[in-house]
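One structure is given below, encoded as structure tokens.
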Amino acid sequence: MNFLAHVYLSGNNAPLAVGNLIADRVKGNDYNDFSPMIQKGIFLHRKIDYFTDHHSDFKACVTLLFPIYRHYSRVIVDMYFDHFLALHWDRFHAVPLVDFSADFYSKLTTTDLPFSEKLDRFISALTTYNWFEQYQ
């Protein structure tokens, strides 16, 4: 659920960022339906998730929330991390979040990739409600 962090960690590579963004919605070997760079983004997403899921600080945060939120605690921690990234964006990126978001959303919505209806709904919600900036 830490969509902003995944896109941020993709650097300036738009296809890599798209793959990194949509990876949670690409199951099993369905990544084969995408171009090699989108596939790299999907694999990058999975590596990032593996790293964070096994990091002691992430585990500690999840442990604090688990008694109340159970299996949602991981999602909540991801969202908190994106909240803090968005809130302190200027410490991590030279481009203001409003411009970064608009630029990425533009690339995402003008791509000629044939997304499934499910991915189209996700992308529409992300861009319509401006999730990156809403994390603040």
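The values are calculated or read from the model by the stated rules, or taken from the named source; none is laboratory data. What you are looking at is a predicted structure, and each value in this text was computed from that prediction instead of being measured. Using ideal geometry, Cβ is built from the backbone for each residue, glycine included, and neighbour counts are taken over all protein chains shown. The accessibility values were calculated without ligands, DNA or RNA, using every heavy atom of the protein model including side chains. Shrake-Rupley method; radii C 1.70, N 1.55, O 1.52, S 1.80 Å.
Things worth noting here:
- Residue ID - farthest from Met37 (Cα to Cα), chosen from residues in segment 87-133 that are in contact (Cβ under 8 Å) with a residue 40 or more places away in the chain and exposed (fewer than 12 other Cβ atoms within 10 Å of the Cβ): Phe92
- The combined condition, being without any contact (Cβ under 8 Å) to a residue 60 or more places away in the chain, closer than 17 Å to Ala5 by Cβ and part of a helix (DSSP H, G or I), is not fulfilled by His71.
- Asn20 fulfils the conditions (1) touching a residue at least 40 places away in the same chain (Cβ under 8 Å); (2) under 22 Å from Trp89 (Cβ atoms); (3) part of a helix (DSSP H, G or I) except for a single criterion, (1).
- Whichever residue in segment 27-46 is touching a residue at least 12 places away in the same chain (Cβ under 8 Å) and outside any helix (DSSP H, G or I) and, among such residues, is farthest from Ser116 (Cα to Cα): Ser35
- Scope segment 17-30; condition open to solvent by 30 Å² or more (accessible area, probe 1.4 Å) and modelled with pLDDT of 90 or more; matching residues: Asp24, Arg25
- Looking only at residues of segment 4-16 that are crowded, with 21+ Cβ neighbours inside 10 Å and touching a residue at least 40 places away in the same chain (Cβ under 8 Å), we find that the one that is farthest from the chain's Cα centre (by Cα) is Tyr8.
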